[in-house]
Structure formats: C-alpha cells, structure tokens
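Values in this text are rule-based calculations from the coordinates and carry no lab data. Being a predicted model, the structure only gives us computed values, none of them experimental. Using ideal geometry, Cβ is built from the backbone for each residue, glycine included, and neighbour counts are taken over all protein chains shown.
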Amino acid sequence: MSRAGIDNTNIPQQTALIGRPAPTRFQLWWQEVKKNKHSYVLMSPYMLLFFLFTVLPVCIAIVISFTYFNLLEFPKWVGWHNYSRMFLEDEIFLTAIKNTFIFAGITGPISYAMCFVFAWLVNELKPKMRAFMTLAFYAPSISGNVFFIWLIIFSGDRYGFMNGFLLELGFINEPIQFLRDEHYVLWIVLIVQLWLSLGVSFLAFIAGLQTIDRTLFEAGAVDGIKNRWQELWFITLPSMRPQLLFGAVMQITASFAVADVSTQLAGFPSVNYAAHTVVTHLEDYGTIRFEMGYASAIATVLFLIMVTVNIVVQKLLRKVGE
C-alpha cells in the first residue's frame, strides 16, 4: 500500500494490458461460450434438430424457389421467373394474397384481443371455475371434428340450423347455399377461424396473469394508480410482455396460415376462389401439381410477409406501458 492508501500491486498487470489489442467480437463470443459451455451442451440436441428440420428446409426452399423443379428431373435454374409469374401472371395468387390479408387483418388483431380479454376475465374466477372455463375456451382448438358442427349449421338445405332459423322467422323463402355462394363463404370461414383462435395464446396469457407479482399492484396504488385500466396498462401488460410477444407470434402465424378451415368448409378450391388463401395455393402447386419451384417461391413470399409483420408487431408491443 502506498502513502495515499492506494493498492499498486496490479499496476504492472494493468500496464501490460494497455499495450495489448482489444479482444475482437469473435474472441468475446468464444469466451462467453466457454464460460457457459454446460448450457450449450444441454441445448445442443434441440438446436441440432431445429437446424435440421427448420432452418435447413427454409434455406433449401429459398434456393429451390429460383428453379423449375417437378420432383422427377433435376432442378433447372430459372432465376426470378417464378416470382414474376406469381405477381404478373397468376391472378389466383393475387386473389389468395388478398384473402390472406383479409384473414390476417381481421382475425389476427381480433383473436389476439379476444385471447387476452377472455384470459383476463377467466383469471378473476375461483380456481376450480377458472380451470373449467380454461378447458371450455381451449377445447375447440384441439377438437378433431370441429368443422362438422359448422357444416351442419351452414348446411344448404332446410335442415341446416341457420337456414331453418331464417326460414322459421320468415327472412328467406328458400334455403341459402352458404358454403357455395362466394358472397357468404369468406365471412363464414372468418367466423369459424375466430372461434378456433382461443388456443395456445389464450393459455400463455392465463399463465402470464398467474405469474404477476401481486405486490406490484400495492406499490402501484401507492404511486397513484387509481383504477383497473391504469393497473392493466402500467402493471399487467408490462409484466406480461414475454407472453404478449409469444402470443403475437402464434396469432400472426395462425392468421397468415389459414388453410384447413377454408378447405374443410368451402372445399378445395372454394367457389370462384372466394376463400382461397396463400397456403391453399401453396398446397395446390406443391402437393397436386408438383411444381415445387413455384410452390417454394409462394412459401418464400409468405415467410417474408410473416417475418416482416412479426417484427413490426413486436416493436409495437415493446412500447406497451411506456
């Protein structure tokens, strides 16, 4: 120790480090990996499977989208032909992308808000009732023959529930072919998709509401929060930000990937392509016509749209409570 009370024992080491170059970003990353090597070893099986079955297929699909590939011949490079054909020649694709944006623009925000509102209300119930209502709301998303119910409701004869109800009240004189009329079929599919939307996001919001620290509400009351709406904005939503981000990803994926509902209710293809979506168009070229290059181009466009929307939504959600 010096007279001033300063420890000078590390001065030679510090002066020796002054002359060394600063570590590169790769060196810092490698030091972090070695420091947490046990965590990376535990994560490696999942990361390997994720790379093999998610990242690699996406990269291969992007490459194939620039080729002509019919599964029988070796892919032939065609450059941007598939993309120019998609936007300039394929009128059905333009109809499909319009319908997809209608689905995403309506079912996405509404179903996301419905998931949170119902989760918020169910969370206020007693434990046994909360468990029952959670199952009741989540059950439609995992039911096998859920479309059978809606086929009966919108059946085109007098025995369909909707036609029977309208005939009984005198609003119509003959049954309406709901699922064969292009003016009705898109909106029916929208209604069914909304009904099915209380799935994983709903459970994530329930879990998020259960993990909020109750002392935050007491501290908020001391800081001037006066009602439930202020609690919701300044305490509940910021505390649930991870679940909100997860729910947004799930709802965006579900709203842009509508296919089964349209196929089961409106047929494949639907009348005058009224309920045709990008995913059903992708299935048409990928599993029926076997034009894998063109199907990969459709999948790539859908992937870019979903990623872009996901980034925008997550940036907006990060501002919640600010």
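The table for this structure:
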read-out: Leu56-Glu231 FRET efficiency (beta carbon distance; Förster radius 51 Å; 0.05 resolution); value: 0.65
read-out: Kirkwood-Stokes translational diffusion coefficient of the chain, alpha-carbon pairs, 37 °C, 0.692 mPa s, µm²/s; value: 134 µm²/s
read-out: Gain in span if fully extended, Ile311 to Arg158, counting 0.36 nm per residue against the direct Cα distance; value: 50.3 nm
read-out: Degrees between helix 91-123 axis and first principal axis of the chain (Cα, 0 to 90, nearest 10); value: 70 degrees
read-out: Cβ-based charge dipole, the chain, positive-most Cα from Ile305, Leu151, Ala119; value: Ala119
read-out: Amide H contacts under 5 Å for Thr67, placed H, 5+ residues apart; value: Val78
read-out: Within a Gaussian network of the chain (alpha carbon springs, distance under 10 Å), most fluctuating of Leu237, Leu48, Leu194; value: Leu48
read-out: Whole-Hz couplings from phi, Karplus 6.51/-1.76/1.60, listed for region 74-88; x for Gly and Pro; value: 5, x, 10, 5, 10, x, 8, 4, 4, 6, 5, 5, 5, 8, 10
read-out: Loop-exposed chymotrypsin sites (Phe, Trp or Tyr not before Pro) per DSSP, neighbour cap 11 Cβ within 10 angstrom, longest uninterrupted part of the chain; value: 172-322
read-out: Pairwise label distance in nanometres, Arg130 with Trp80, each label 7 Å out on the Cα-Cβ vector; value: 5.5 nm
read-out: Unit charges at the beta carbon, dipole of the chain: most positive-side option, Thr215, Gln314, Ser296; value: Thr215
read-out: Farthest toward positive dipole pole in the chain [+1 Lys/Arg, -1 Asp/Glu at C-beta], among Pro23, Phe50, Gly224; value: Pro23
read-out: Net charge dipole size for region 80-317 [Lys, Arg +1 and Asp, Glu -1 on Cβ; Debye, nearest 20]; value: 760 debye
